[in-house]
Amino acid sequence: MAVTSEPRAQEGGAAPRHRSATRSLLRLWPYVRPVRVRLFGAAGVAVVASCMGLVIPLVLKWMVDGPVAHRDPGGVWLGGALLLALGTAEAALFGLRRWLVGRPLASVEAAMRADLYRHLQRLPVSFHDRWASGQLLSRATTDLMLLRMFLAFPLTFLVVNGVTILAGFAILLSQEWTLGLVLVVPAVPLVILCSLFEKRYATVARAVQDQTGDLTTVVEEGVLGVRIVKGFGRHRSQARAFRTLSQQVRSTELHKARLLATLWALIMTLPELAIGAALVLGTMRVADGDLSAGTLVAFLSTALTLRWPVESLGFLLAMSQDAATATDRYFDVMDAEPATAADRPRPARPLRRGENGEAGEGGEDSQDSGGGLRFEGVEFAYADAPPEEPPVLRGVDLHIRPGETMALVGATGSGKTTLTALVPRLQEITRGRITLDGRDITALPREELRALVAVAFEEPTLFSATAGENVLMGATDAGREELLRALKVAQADFVHALPEGTDTEVGEQGLSLSGGQRQRLALARAVVGSPRFLVLDDPLSALDVHTEALVEAALRQVLAATTALVVAHRPSTVLLADRVALLSEGRITAVGTHQRLLRESAEYRSLMSGQEREEGESSP
């Protein structure tokens, strides 16, 4: 597995590098709106708590110029009690703020994660073909965690600290405007620095989050493919690939840390120098009698109170940029929309028999406009294919009559698997239409379509669940009786010999089972709901000859009660079908019975004789 230097997510449509963080973060409003009362309430509580901190210097001024100067112990005790009350109230209010935002923001994160997962299930297979799974995982975990942290802390304190700084400088200028100006002067270079920092940090933050997604992909592939890695002794090359990406992430993180350290150093240094200058000037004025000691104490206390709000700007801006980047990455996925029927051009008329070289019984299809599964002028091209490249499928006309089984035969790369993926709309056709019992599949709700059509693929996918649960995914209302019937049809009775029978966990991807066992469970899943339409993509390829014969014998009963399209590579599978369609270079070139095509099609004879010869050579 090669390691790329550029994050794969950007190939899938990453956000532009230069964008407004505020505009990005505003896209979170629909998720925040349900909890806005508590969020705004928490911000208000935090503002009050922070402003209480600004009252403390005023109490100190009163104490120094009053009870302390007049040697009044009672006043000192009163002032101390007042300071204690202010500090306690401030701490309690900040605790209340955290309580207000804790549960609602966890709900926001959960809602966003649920929406992301739901949307991923709705996106076409072509989207998942382009995107690395690690990039999607990092968006559902790391990025959403960053957004929750931003809403809980930086968002609130950007508002709180902004209000605190404005109120604090108003107090400073009202106490002694000349010293106040000394502290205001550094604000100009700080604003410029923050603006420059935002642009540079945004680029680095996006890079590190994309690279983390790539790193997640490498880890996931290494874990899922551990048998291949070990079997071919590739653990060292995989370790090198991981180390290369890990070092790349480390280098980018260090670059990000250097940017933040530089900004933080400047943000901390400039206010400290200003406070030092104000202290010197204020001390000189107190010595000259132009300023009271209490005023100077209050002034410096207020200035020191403002240190954290000012110095935290760098930290808060960095977290805001991370959150804006996470928001962009989240909506990179959420903005991807499935193709709709309205997006696709329609042919001026359906293609007629003979226009694609269709032979055999095509005339019967043109006369029968009833039910079944019908392809009319179907074309398909991948969205990212070059314009000059011909479509994968070109003008496919095919009619599978109600209750009929049609075998689809063709050379490798002719488009058989692509054609079968169009029926349940795993891929969206580019042109033409497909109908089920006369109804255009694009007009059917996806839930209804996929309740009508069951599929089984050559490469079966099982989930981390029990064997029974994996089979029953094929029908929501199926019970124990249907489960046992489907297992019998698929010759998957081996399940009963597992430690806990149908309740045995098959593990991630079903890797605890053999390839043939996984394929039989996938076939059982396809037939468990007795679907009206059945699409099978070479479902018996991993079975031995004896098991295949048993499955075929049982499958005939199922096929007799459904309309089926079966991709076939073996003559034995072809014999399950009533008719055969030959797909060549994206076109249907012949349709007829197995015997008729053997007589009339040289290409079909070549395919069948080659397969028969290969089977003969492989048998003992």
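The values are calculated or read from the model by the stated rules, or taken from the named source; none is laboratory data. For clarity, every value in this text was computed on a predicted model and none was experimentally measured. Backbone-built Cβ (ideal geometry, glycine too); neighbour counts: all protein chains shown. Only protein heavy atoms, including side chains, enter the accessible area calculation; ligands, DNA and RNA are left aside. Shrake-Rupley method; radii C 1.70, N 1.55, O 1.52, S 1.80 Å.
Brief remarks follow.
- Selection status of Leu166, free of Cβ contacts under 8 Å to residues at least 12 places away in the same chain, of a type in the set (A, V, I, L, M, F, W, C) and open to solvent by 50 Å² or more (accessible area, probe 1.4 Å): yes
- Among the residues examined, Thr216 qualifies as open to solvent by less than 60 Å² (accessible area, probe 1.4 Å) and either in contact (Cβ under 8 Å) with a residue 60 or more places away in the chain or among the hydrophobic types (A, V, I, L, M, F, W, C) (or both).
- The stretch 171-188, residues that are open to solvent by 40 Å² or more (accessible area, probe 1.4 Å) and closer than 15 Å to Ser301 by Cβ: Ser174
- Selected residue (criterion: least open to solvent (accessible area, probe 1.4 Å)) from residues of the stretch 416-453 that are over 24 Å from the mean Cα position of the chain (by Cα) and basic (Lys, Arg): Lys416
- Counted residues, the stretch 459-478 - those being in a loop (DSSP other than H, G, I, E, B), open to solvent by less than 70 Å² (accessible area, probe 1.4 Å) and under 16 Å from Leu523 (Cα atoms): 6
- Any hit, the stretch 487-496, residues being of a type outside the set (A, V, I, L, M) and crowded, with 22+ Cβ neighbours inside 10 Å: yes
- For the residues Val580, Val591, the requirement of being in contact with a His (Cβ under 7 Å, 6 or more places away or on another chain), at pLDDT 90 or above, surrounded by 13 or more Cβ atoms within 10 Å (Cβ to Cβ) and among the β-branched types (Val, Ile, Thr) singles out Val580.
- Restricting the stretch 140-154 to residues that are open to solvent by less than 60 Å² (accessible area, probe 1.4 Å) and over 14 Å from Trp99 (Cα atoms), the residue that is farthest from the chain's Cα centre (by Cα) is Pro154.
Every residue, every condition in (1) more than 17 Å from Thr164 (Cβ to Cβ); (2) surrounded by fewer than 21 Cβ atoms within 10 Å (Cβ to Cβ), yes or no:
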{"residue": "Trp264", "(1), (2)": "yes, yes"}
{"residue": "Ile267", "(1), (2)": "no, no"}
{"residue": "Leu270", "(1), (2)": "yes, yes"}
{"residue": "Gly289", "(1), (2)": "yes, yes"}
{"residue": "Leu296", "(1), (2)": "yes, no"}
{"residue": "Leu304", "(1), (2)": "no, yes"}
{"residue": "Val310", "(1), (2)": "no, no"}
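- Scan of the stretch 425-454 for residues that are of a type in the set (A, V, I, L, M) and either modelled with pLDDT under 85 or under 13 Å from Arg374 (Cα atoms) (or both), ordered by number: Leu426, Ile434, Leu436, Ile441, Ala451
- Among the candidates Gly66, Gly102, Gly79, Gly53, residue that is assigned to a helix (DSSP H, G or I), of a type in the set (Gly, Ala, Ser) and within 26 Å of Val310 (Cβ to Cβ): Gly53
- Residue match in the stretch 513-526 (condition: assigned to a loop (DSSP other than H, G, I, E, B) and farther than 23 Å from Val453 by Cβ): yes
- Residue in the stretch 177-187 that is part of a helix (DSSP H, G or I) and either farther than 30 Å from Met284 by Cα or of a type in the set (S, T, N, Q) (or both) present: yes
Listed here are the residues, each with its yes/no results for (1) farther than 26 Å from Leu172 by Cβ; (2) in contact with a Pro (Cβ under 8 Å, 6 or more places away or on another chain); (3) among the aliphatic types (A, V, I, L, M); (4) modelled with pLDDT of 75 or more.
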site: Ser5; (1), (2), (3), (4): yes, no, no, no
site: Ala9; (1), (2), (3), (4): yes, no, yes, no
site: Arg17; (1), (2), (3), (4): yes, no, no, no
site: Thr22; (1), (2), (3), (4): yes, no, no, yes
site: Tyr31; (1), (2), (3), (4): yes, no, no, yes
site: Phe40; (1), (2), (3), (4): yes, no, no, yes
site: Ser50; (1), (2), (3), (4): no, yes, no, yes
site: Leu78; (1), (2), (3), (4): no, yes, yes, yes
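- Unique match (being crowded, with 16+ Cβ neighbours inside 10 Å and either over 30 Å from Leu147 (Cα atoms) or within 24 Å of the chain's Cα centre (by Cα) (or both)) among Val249, Val280, Val223: Val249
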